1. So, in segment 25-36, of the ones that are over 11 Å from the mean Cα position of the chain (by Cα) and not hydrophobic (A, V, I, L, M, F, W, C), which residue ends up least open to solvent (accessible area, probe 1.4 Å)?
2. List the residue pairs whose Cβ atoms are under 6 Å apart, where the first residue sits in segment 144-160 and is under 13 Å from Glu24 (Cα atoms), the second is modelled with pLDDT of 90 or more and charged (D, E, K, R), and the two are 6 or more positions apart or on different chains.
3. Output the qualifying pairs, or none if there are none: Cβ atoms under 7 angstrom, residues six or more apart or on different chains, first residue in segment 40-67 and over 14 Å from His112 (Cβ atoms) and among the small types (Gly, Ala, Ser), second residue open to solvent by 60 Å² or more (accessible area, probe 1.4 Å) and at pLDDT below 95.
4. If you scan segment 60-77, which residues turn out to be under 17 Å from Tyr121 (Cβ atoms) and open to solvent by 60 Å² or more (accessible area, probe 1.4 Å)?
5. Looking only at segment 1-33, which residues are over 21 Å from Phe99 (Cα atoms) and part of a helix (DSSP H, G or I)?
6. Does any residue of segment 67-90 turn out to be under 12 Å from the mean Cα position of the chain (by Cα) and not basic (Lys, Arg)?
7. Considering Ala37, Ala108, which residue is in contact (Cβ under 8 Å) with a residue 40 or more places away in the chain, assigned to a helix (DSSP H, G or I) and in contact with a Lys or Arg (Cβ under 7 Å, 6 or more places away or on another chain)?
Amino acid sequence: MSLLTENNTIRALLRSLDEHNEGEWDHAERVAVYASAIGFEMRLSDEELRVLRNAAMLHDIGKMRVSASILKKVGQLTEEDFFMLRLHAQIAIEVIEEFEFLEPCLPAITLHHERWDGKGYPKGLAEDQIPLEARIIHVAETYDILVNGSPWRQPLTVDMAFQEMSDHAGTQFDPQVIHALNACRDKIQPLGT
């Protein structure tokens, strides 16, 4: 498959997701920019960076099969809402499994909500059990949510976001990925929403 065809496929998938929940396309692009900057700082190979970027673009693609009413809900989510929302990481497999070129992205997509301390989901993996690309996307996505806000959270300043993320290095986040985030801070100023 040509690179153009791959890019067009990813764009089509993102367009469908954005139609289901407006704003997902912009979020995906920002996360991909941040993840790529972190990956470059961590000296990933060109192929690893390509897989990371594709996975970052599609990290929330499973939300296509989560009720829009849950995705757009403002305020406190119920336990059932959280259960359904958390399924998006695993549902992604069903959405993209037919695209062979995306198979290398699946671990990063399905495990991007795992935490360094093992308290994440869906498998409760910890530290190096979590693929590096998933750890990077976790940091990039969190940064994007912190600086751009979400329906359930007001945005923070860049300084506040960096401080909050640094405070959680070694618990929620891989300390090496946070170090790389801090090292490329000037390259990842918040992109507009």
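1. Among them, the one singled out is Ser36.
2. Hits for this filter: Asp144/Arg30.
3. Pairs found: Ser67/Met84.
4. Scanning segment 60-77 gives a single hit, Arg65.
5. Just the residues of segment 1-33 that are over 21 Å from Phe99 (Cα atoms), to begin with: 21-23, 26-27, 30-31, 33.
Across segment 1-33, the qualifying residues are Asp26, His27, Arg30, Val31, Val33.
6. Keep residues of segment 67-90 that are under 12 Å from the mean Cα position of the chain (by Cα), which gives 88-89.
Right, trim to not basic (Lys, Arg) and you get 88-89.
Yes, segment 67-90 has at least one match.
7. On the way: Ala108 fails: in contact with a Lys or Arg (Cβ under 7 Å, 6 or more places away or on another chain).
Going through Ala37, Ala108 in turn, the sole match is Ala37.
The values are calculated or read from the model by the stated rules, or taken from the named source; none is laboratory data. Because the structure is predicted, anything quoted here is derived from the model rather than measured. Counting neighbours? That spans all protein chains shown, and the Cβs are built from the backbone with ideal geometry, glycine included. We work out accessible area using only protein heavy atoms, side chains counted, and drop any ligands, DNA or RNA first. Shrake-Rupley method; radii C 1.70, N 1.55, O 1.52, S 1.80 Å.
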